[in-house]
1. Where residues in region 203-224 are hydrophobic (A, V, I, L, M, F, W, C) and open to solvent by less than 50 Å² (accessible area, probe 1.4 Å), which of them is nearest to Leu162 (Cα to Cα)?
2. Being under 18 Å from Glu4 (Cβ atoms) and among the hydroxyl-bearing types (Ser, Thr, Tyr) narrows it down to one residue among Ser88, Ser70, Ser39, Ser44; which is it?
3. Just one of (1) touching a Ser or Thr at 6+ places or on another chain (Cβ under 9 Å); (2) in contact (Cβ under 8 Å) with a residue 40 or more places away in the chain; (3) assigned to a loop (DSSP other than H, G, I, E, B) trips up Arg245, so point out which.
4. Restricting the search to region 99-125, which residues are in a loop (DSSP other than H, G, I, E, B) and crowded, with 17+ Cβ neighbours inside 10 Å?
5. Taking region 181-195 as the search range and keeping residues that are touching a strand residue (DSSP E or B) at 6+ places or on another chain (Cβ under 6 Å) and not in a strand (DSSP E or B), which one is surrounded by the fewest Cβ atoms within 10 Å (Cβ to Cβ)?
6. So for region 51-58 (the condition being aliphatic (A, V, I, L, M) and surrounded by 19 or more Cβ atoms within 10 Å (Cβ to Cβ)), does at least one residue qualify?
7. Filter region 10-24 down to residues that are among the polar types (S, T, N, Q) and either in contact with a Pro (Cβ under 7 Å, 6 or more places away or on another chain) or open to solvent by 30 Å² or more (accessible area, probe 1.4 Å) (or both), then give me how many there are.
8. Check off (1) surrounded by fewer than 18 Cβ atoms within 10 Å (Cβ to Cβ); (2) part of a loop (DSSP other than H, G, I, E, B); (3) among the charged types (D, E, K, R) for Arg27 and give me the number that stays unchecked.
Amino acid sequence: MISELKPGERLDDLERNGLMLIQHPGRFCYGVDAVLLSSFAKASEGERVLDFCTGTGVVPILMTAKTAASHFTGLEIQEEVAKMASRSVMLNHLGDKVSIICGDLKNTKTLFGKGVFNVVTVNPPYMAGGSGLVGADYSKAVSRHEILCSLEDVIRESANVLVAGGRMYMVHRPYRLGDIICLMKQYKMSPRRLCMVHPKASQEANLVLIEGIRGGNTQIRVEAPLVLFDEDGQESKQIKMIHGRL
């Protein structure tokens, strides 16, 4: 395993089926939002899943252990990050299950065509274009800010690649929820399931998980909130179950 690592990289245990992930602390490393997304998303046997903004490939790699989907494709625009994700796929012997493609999600019609995936997952940049401090590290900035893609790009291209009735699963910040729902409606995606994520029960939500379906006119279902930590700072039973510790 160590032979797969390049200078500055580390190997992280995903705590699921022995899966490991190559990461570089100097680049953007995955957080709890990616883990939550991999559990919130649903994929059935025979379905094809596309993960936008895949980064290190953590979402599709985790979902191989959590769903029965037939194949996962991770799309990442940064070449070096995509190569790192591909090495993690090979390290976990998932080459027949997961493909990593380096490309721009705004070009899905060229890369994939129309209506070819059953599921899209995405942990997109949270910061709207022109907001927040970008910083000097371009790789991290691309992961955090809408520099190379916008929220509208993500939702429009999700609608393009999904089959009729296909689902999109997204994790984002609650303050963008109004934009998310409006854009989903604009591109004929119906919000179907919503879950607010709270650091503690006494604190306001800092993440939102949302499922949308292409076409149709479904009613949105708001699930019980997900709380990450007890008031004493210990991991909650919910997050332990997501991590597979219970």
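1. In this case the residue turns out to be Ile213.
2. On the way: Ser70 fails: under 18 Å from Glu4 (Cβ atoms); Ser39 fails: under 18 Å from Glu4 (Cβ atoms); Ser44 fails: under 18 Å from Glu4 (Cβ atoms).
Going through Ser88, Ser70, Ser39, Ser44 in turn, the sole match is Ser88.
3. Just one mismatch for Arg245, condition (1).
4. Taking region 99-125 as the starting set, the residues that turn out to be in a loop (DSSP other than H, G, I, E, B) are 103-104, 112-116, 123-125.
Selection gives Phe112, Asn123, Pro124, Pro125.
5. Ile181
6. In the first step, residues of region 51-58 are kept if they are aliphatic (A, V, I, L, M); the result is 58.
Now narrow it down to the ones that are surrounded by 19 or more Cβ atoms within 10 Å (Cβ to Cβ): 58.
Checked region 51-58: at least one residue is aliphatic (A, V, I, L, M) and surrounded by 19 or more Cβ atoms within 10 Å (Cβ to Cβ).
7. Qualifying residue count for the region: 1.
8. Going through (1) surrounded by fewer than 18 Cβ atoms within 10 Å (Cβ to Cβ); (2) part of a loop (DSSP other than H, G, I, E, B); (3) among the charged types (D, E, K, R) one by one, Arg27 breaks only (1).
The values are calculated or read from the model by the stated rules, or taken from the named source; none is laboratory data. Since the model is a prediction, treat every value here as computed from it, not as a measurement. For neighbour counting, all protein chains shown are included, and Cβ atoms are generated from backbone atoms with ideal geometry for every residue, glycine included. SASA here: full protein model, heavy atoms, side chains in, ligands and nucleic acids out. Shrake-Rupley method; radii C 1.70, N 1.55, O 1.52, S 1.80 Å.
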